[in-house]
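See below for the structure under consideration.
The values are calculated or read from the model by the stated rules, or taken from the named source; none is laboratory data. None of the values given here were measured: they were computed from a predicted structure. Here the Cβ positions follow ideal geometry from the backbone for every residue, glycine too, while neighbour counts run over all protein chains shown.
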Amino acid sequence: MHRLKLGKSNELGFLRISKEFLSFSIFLLFSLTILSQDLMVKKSSYRDSIVKYLYNDSARTKYFIEGYISHSNRNNDSKKLFDAYHAMASFYYQYNDTLKLVEYTDKLFSVAKKNNLKIELLKAYHLKNNALTMTSGLGDERILGNIYEALKIAKEIQSTVWECKYYDDLASYYEITGDFEKALNQYKDNLAVLNKIAESPDYEKFKIWGGSIEKTYLELTDIYIDLKEVDSAKTYSKMAKSVLDTTVGKYHDAHCFRNKIHELEINLLEDNIDSAKENLKEAFEIVPETYKNSFKENSKYYYSGLISYYEGDFDKAIKNFEAMDTLSIQSNERAGFFLDDFYKIQYKSYLKTNDLERADYFFEKHLASLKGQMNINNSVNSNFKNLEISQYNEEVRALKKERLKQRLILSVILLVAFVVTVLIIVLFRVKQKRNKEKLELLMERISEQESLVKPKVVPLKINDDEIKRIIKRINELEETGYYLKNDCTLSNLAKKLKTNTTYLSKIFNIHYEKSFNTYINDLRIDFVIERLKHDTLFRRYSIQSLANEVGFKSKESFNAAFKKRTGVLPSALVKKLTKK
């Protein structure tokens, strides 16, 4: 699943203080309290003082740790000296001072080894591995070596709980490096032993150092979510919750937060977006105060983005991912904590928004992450996600091929658009030139008073007297302007001429060589042209008004008839006459 690795390291969230201020504070506190140090120790142990100021005063915390180290050295108390070095290593761990962390981890390891302190040596191997992970990443082969050395000691002193702790570390190693089958088997074997010793004093005393029943349930849930085996994930998530509801402990809040995040991830696998949103809200109501603010913010942005992705709002998902602290992510990567499918989900989000450049970028980062994990797993001779890497190599090639295809399509579209634009311009200019010629010809006809209607006498198979009578009556009606009326139709004109529509239609088709409608429209257009020529006020009419004036029912039919008659639109003629 697309998960930040929660609970893999302790997040205590100290406030950062500058080195100058820290040094000054230590010096001042030392000057003021050096004489009363022994008295303070009698009233309260160094351990208690360190815990008291742990979360609110880093200068005093370091001061009391240094005092603890000096006190232990003076009393030659190797166990307390180990404890003091451990406190200082933890202090520098929280402030990401890897050099100091390694220095004090080496010191506590040396104390445990020199004095043959078996339990402290088991703790030392755990802390040594934490330091190695931070400085060298999970690929450092010394980590596995330390796990097996610690297991030898645990078996030597017959400490079942410490055996469980290092078998838990081994399972965690397999889980992080992607060898899920080994991890599952190891966690389940461990779980059987932990259940047997759950009531023992050792279990309660040492479980904070390693495996516990509730933590093992959480790890098993993690793996089944990664494998997208929802039923198994739900089963172990419920088991973890049942234990957490009845127990308390140092990491109880962190485990509860992690359990709630698991519920969110299971919701997403089941496409239950509303429940995922509710679990996100509840998770950040119980997030431990000891977690660093950067960790809290990154987690909230990540899971909000993940929900948006599953919801189909890819722009919102990207916005949340981009809000995450890049330096923190890079720091985790250097330590070997990969973000699972974080880059994969980003790549797919950008792909959904057609941002191929960013999709390519995050795909390469995802692939690099997989290769990094594969290299780690190869150190224990495992075949880590070779098939997945092969599949994603193919997908990236398909992505680039699709991108090239889209570029070619875009180029073709642009070329076609350019050619079409050029053709439109050329055709427009040709048409414009023709319209100009037609307009000039029309203007010449107007100037020469040339009639646009040319009746042609053609023999008709109708009585000659009847033909003459009808044509005479047509001419009379033309003179009265009847053709300008809206009711000038073939049937109405036939009634006025006391003939039938068949005879009348033949006369127009043969004698005038045009249909009745064309003949009437031509008369109307000629009337408009003549009036436009002499009547400047008439030129100010709208085209609709001109159409209504000469019997047309719409502007469109008038424009069509005018262009058919003259070759140009009436607006062009009005403009030309006005300009002239």
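List of remarks:
- Some residue of the range 102-113 being out of contact with any Lys or Arg (no Cβ under 9 Å at 6 or more places or on another chain), within 25 Å of Ser212 (Cβ to Cβ) and modelled with pLDDT of 90 or more: no
- Single residue of the range 217-229 satisfying the filter (out of contact with any Phe, Trp or Tyr (no Cβ under 8 Å at 6 or more places or on another chain) and surrounded by fewer than 22 Cβ atoms within 10 Å (Cβ to Cβ)) that is modelled with the lowest pLDDT: Lys228
- The lone exception for Val453 - which of (1) at pLDDT below 85; (2) assigned by TED's automatic domain parsing to the domain that holds Lys564 it fails: (2)
- When restricted to residues that are at pLDDT below 65 and in contact with a helix residue (DSSP H, G or I) (Cβ under 6 Å, 6 or more places away or on another chain), the range 337-356 contains 1.
- The lone criterion from (1) buried (at least 19 other Cβ atoms within 10 Å of the Cβ); (2) in contact (Cβ under 8 Å) with a residue 12 or more places away in the chain; (3) over 16 Å from Val574 (Cβ atoms); (4) not basic (Lys, Arg) left unmet by Asn486 is number (1).
- Selection of first residues in the range 420-435 that are touching a residue at least 60 places away in the same chain (Cβ under 8 Å) and of second residues that are surrounded by 10 or more Cβ atoms within 10 Å (Cβ to Cβ) and of a type outside the set (Lys, Arg), restricted to Cβ pairs under 8 Å at least 6 apart or on distinct chains, gives the following pairs, ordered by first then second residue: Arg434/Gly567; Asn435/Gly567; Asn435/Val568; Asn435/Ala572.
- Any hit, the range 390-407, residues being modelled with pLDDT of 70 or more and closer than 30 Å to Ala561 by Cβ: no
- Only listed residue being part of a helix (DSSP H, G or I), crowded, with 19+ Cβ neighbours inside 10 Å and either modelled with pLDDT of 90 or more or of a type outside the set (Val, Ile, Thr) (or both), chosen from Asn559, Asn521, Asn492: Asn521
- Number of positions in the range 267-309 that are closer than 17 Å to Glu322 by Cα and buried (at least 18 other Cβ atoms within 10 Å of the Cβ): 11
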